[in-house]
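Inspection log for the structure reproduced underneath, given as structure tokens.
The values are calculated or read from the model by the stated rules, or taken from the named source; none is laboratory data. None of the values given here were measured: they were computed from a predicted structure. A quick note on method: Cβ atoms are made from the backbone with ideal geometry, for glycine too, and the neighbour counts reach across all protein chains shown. All accessible areas refer to the heavy atoms of the entire protein, side chains included, with ligands and DNA or RNA removed. Shrake-Rupley method; radii C 1.70, N 1.55, O 1.52, S 1.80 Å.
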Number of protein chains: 2
Amino acid sequence: MKNKICLISAEEQQERLRRIGLDGAALVSENFSIFYLTGRIFAGYILLMPGENPKYYVKRPLMDEGDDITLIRKPEDIPALPKGTTLGLELGALSYNDALRLQKALEADSITDISPKLMGARSRKTPFEINMMKTDGEKQSAVYQRIPNMYRPGMTDIELQAAIEHELRLEGCLGVFRVNGSSMEIHMGNVLTGENSDTPSPYDFAMGGEGMNPALPVGANGEKIKPGRAVMVDMNGCFNGYMTDMTRMYSLGKLPEEAIRAHECSVEICHTLAKMGTPGTETKSLYEKAKEIAERYGLSAYFMGHNQQAGFVGHGVGIQVNELPVLAPRSKSVLADGNVIAIEPKFVIPGFGAIGIENTYVCRETGLECITLAPEEIIPLQ
Amino acid sequence: MKNKICLISAEEQQERLRRIGLDGAALVSENFSIFYLTGRIFAGYILLMPGENPKYYVKRPLMDEGDDITLIRKPEDIPALPKGTTLGLELGALSYNDALRLQKALEADSITDISPKLMGARSRKTPFEINMMKTDGEKQSAVYQRIPNMYRPGMTDIELQAAIEHELRLEGCLGVFRVNGSSMEIHMGNVLTGENSDTPSPYDFAMGGEGMNPALPVGANGEKIKPGRAVMVDMNGCFNGYMTDMTRMYSLGKLPEEAIRAHECSVEICHTLAKMGTPGTETKSLYEKAKEIAERYGLSAYFMGHNQQAGFVGHGVGIQVNELPVLAPRSKSVLADGNVIAIEPKFVIPGFGAIGIENTYVCRETGLECITLAPEEIIPLQ
């Protein structure tokens, strides 16, 4: 039985390989790339040779061997490449030691980086992938709409976050939050209220927060949700290996006028950018438009943070939460059909806290199609 | 104010640096190592030069600069090293591209791997670190003892797991589960019941399970907890950046005799190994003793799995869940004072499921001191 290891159809796999567009030998090793090429995780490697079907070298789990599947204990069990071969590796993710070990194990003459081609392909989702992400958006939206029922008077930010995590898990959220690179860490997302929102974090997320411990300094810090304050909820939308990214606002009692205006500004930015974004649009023009609208509202000083500002207003999302393209002032990318991007115009108002929404959009010929459809208004917690 | 960036005392930091024992220039870059050297996470680098105080190059969060703190945008902002310097880098963790970029940015003549020295030092915990881990053990034990109250009739494995996660988070569990290497992924641990326990996983954990989705194929798969079955709970013990590792068994109704004997065997292995393990003990002798006891019980075929068996019975634990030393048949390590190891003799009985316990121990002159003190017997769920 051919391709038993591959849970996506042979056609879907071929389409993804075509989008990657490799022109030489390559060995795929990272979990997120193995998932992209097979729809599943296994421990091992996928060997791609021009004009040949993918070959799978599997360490775990135990499975039946076949034409395309070979069980191995270590990479040295993979047959050597023809003399003089340049081997493509994921040099943006693979450790230095592992990269050299794989080169030696396969007796490659030299190595070259396939990370950019893989990231480029993954940024343009296939119709199958977009359907996966729409399912995520529906489930994530369903949980967000139950948040007012999860609130109990006197709750802290972390207590509300734990309640949301619980509901997400019961809805089928896998919990993992795959991040590109090793420097960003988070547990299931971010719930922010009050002054804590203005605490800078070491991580390159749009918003900060002190966190519960210096070992994970981001997000909720145990601050009580106070009357007249809002709660920003930006939680994990991974139900099937893909994820959507959505932020919504919740309020306790009456919010100050400035916060309500900042929320309106955020919604206006999302709607304006959604109309602007078509294949060919420069992503930096989306960032500039967002900044321009924030300026018009007089909110520049609070745009994407206050004490520490993030340098982007949106980012690609898919198997990982920080994919291409990035909506940033110096970005050189243009939108492509099938890009899926999160747009998150957010503000931190000193003395009040974080406010703003985030949606995930699919780039179509007609504009950006929103796939995170929970109501965008500020929802009262009681 | 000197060392404001460092949340551990100068003496504690010096002791850790002494244990690492570098003899040349080194640039520390990974979150888990930055946490080890400072007690906090920041985005950036720690430059270690022989005979000098550590220098911190910080990208985020924004902080005051000082003698030892320099804010940078990118690694190229770090001053060049003296000509001819060999630079130590974490080549076991740093990506190939990042390693070469750092070498170039600092104009190092060559690079050398400091990962083994860092991992070696981290495996021998200081008294301060051991106290942190004792706190983890206490909190984790407190939550485990509340598990019978979390059970509701008709629950599935994932529903019970979500309830335990919720309680852990309210107790202060940070949720993150730091793992060495990029190949292992898990969300907050593993709850296993019934046939699912015998499904091999791609990950190198002691136990498998199908998981809820091929995107994260490990652990609970939605199987209902049935009368006459047990539930194995092996959940996240990270409350402060360190973590303990503990597994306990829960039962629904009367368990078969074979399962009860396997549990007794697991407890006997733990107690026997705890008495054997002193500084100088070969870790492979601990593995061999565990295997020998399993054989005496006639349980070899189920030891550390059935369809797929794990090749170890224990492992170091600390900032990451898979530290040194490893208790495996071909391990060459010997126990050292201050090692903290998890011992997890587990069995998978076909048609019944997983059974066995796990404790975290500190290696002392007098033997292994258990720091996960929840009762070891099988606890009824109702």
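Okay, here's what the table says:
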quantity	calculated
Selection count where residues are surrounded by fewer than 20 Cβ atoms within 10 Å (Cβ to Cβ) and either of a type in the set (D, E, K, R) or out of contact with any Gly (no Cβ under 9 Å at 6 or more places or on another chain) (or both), scope segment A:352-373	4
Selection count where residues are of a type in the set (Ser, Thr, Tyr) and out of contact with any strand residue (DSSP E or B) (no Cβ under 8 Å at 6 or more places or on another chain), scope segment A:34-65	1
Subset tally (residues that are small (Gly, Ala, Ser) and open to solvent by 20 Å² or more (accessible area, probe 1.4 Å)) for segment A:165-223	5
Positions within segment A:222-233 being closer than 19 Å to A:GLN308 by Cβ and within 23 Å of the chain's Cα centre (by Cα), in sequence order	A:MET232
Filter pass, A:GLU90 being among the acidic types (Asp, Glu), out of contact with any Ser or Thr (no Cβ under 7 Å at 6 or more places or on another chain) and at pLDDT 95 or above	no
Segment A:302-325 residues that are without any contact (Cβ under 8 Å) to a residue 24 or more places away in the chain, paired with ones that are buried (at least 20 other Cβ atoms within 10 Å of the Cβ) (beta carbon under 8 Å, 6 or more apart)	A:GLN309/A:PHE303; A:GLY311/A:MET304
Qualifying position, being closer than 26 Å to B:ASP109 by Cβ and of a type in the set (Val, Ile, Thr), among B:ILE78, B:ILE69	B:ILE78
In segment A:224-233, residue farthest from A:ILE260 (Cα to Cα) [restricted to those that are outside any loop (DSSP other than H, G, I, E, B) and open to solvent by less than 30 Å² (accessible area, probe 1.4 Å)]	A:VAL233
Residue that is farthest from the other protein chains (Cβ to nearest Cβ), among those in segment B:142-158 that are crowded, with 19+ Cβ neighbours inside 10 Å and either in a helix (DSSP H, G or I) or among the polar types (S, T, N, Q) (or both)	B:TYR144
Total residues in segment A:21-53, condition open to solvent by less than 20 Å² (accessible area, probe 1.4 Å) and farther than 22 Å from A:LYS104 by Cβ	8
Among (1) touching a residue at least 12 places away in the same chain (Cβ under 8 Å); (2) within 19 Å of the chain's Cα centre (by Cα); (3) within 29 Å of A:GLY222 (Cβ to Cβ) - the single one B:GLY120 does not satisfy	(3)
Members of segment A:115-138 that are touching a Ser or Thr at 6+ places or on another chain (Cβ under 9 Å) and of a type in the set (A, V, I, L, M)	A:LEU118, A:MET133
Verdict on B:LYS254 being without any contact (Cβ under 8 Å) to a residue 40 or more places away in the chain and more than 14 Å from every other protein chain (Cβ to nearest Cβ)	yes
Residues (within 22 Å of A:GLN140 (Cα to Cα), assigned to a loop (DSSP other than H, G, I, E, B) and of a type in the set (Ser, Thr, Tyr)) located in segment A:159-214	none
Matching residues, segment B:2-23, being outside any loop (DSSP other than H, G, I, E, B) and more than 19 Å from B:ASP113 (Cα to Cα)	B:ALA10, B:GLU11, B:GLU12, B:GLN13, B:GLN14, B:GLU15
Complete set of residues in segment B:71-98 that are among the aliphatic types (A, V, I, L, M) and farther than 24 Å from B:ILE5 by Cβ	B:LEU91
Number of the exception - B:GLN103 against (1) surrounded by fewer than 22 Cβ atoms within 10 Å (Cβ to Cβ); (2) in contact with a helix residue (DSSP H, G or I) (Cβ under 9 Å, 6 or more places away or on another chain)	(2)
Within segment A:24-124, strands (runs of 3 or more DSSP E) holding 2 or more residues that are within 9 Å of another protein chain (Cβ to nearest Cβ), of a type in the set (Gly, Ala, Ser) and more than 27 Å from A:THR283 (Cβ to Cβ)	A:43-48
Subset of segment A:109-141 [buried (at least 22 other Cβ atoms within 10 Å of the Cβ) and farther than 21 Å from A:HIS315 by Cβ]	A:ILE114
Scope segment B:349-367; condition small (Gly, Ala, Ser) and at negative phi; matching residues	B:ALA354
Residue list for segment B:126-176, restricted to those being over 26 Å from B:GLY222 (Cβ atoms) and among the acidic types (Asp, Glu)	B:GLU129, B:ASP136, B:GLU138
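A quick yes/no check of all residues on (1) within 18 Å of the chain's Cα centre (by Cα); (2) modelled with pLDDT of 95 or more; (3) more than 7 Å from every other protein chain (Cβ to nearest Cβ):
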| site | (1), (2), (3) |
| --- | --- |
| B:ALA162 | no, yes, no |
| B:GLU167 | no, yes, yes |
| B:SER182 | yes, no, no |
| B:MET188 | yes, yes, no |
| B:ASN196 | no, yes, yes |
| B:GLY211 | no, yes, yes |
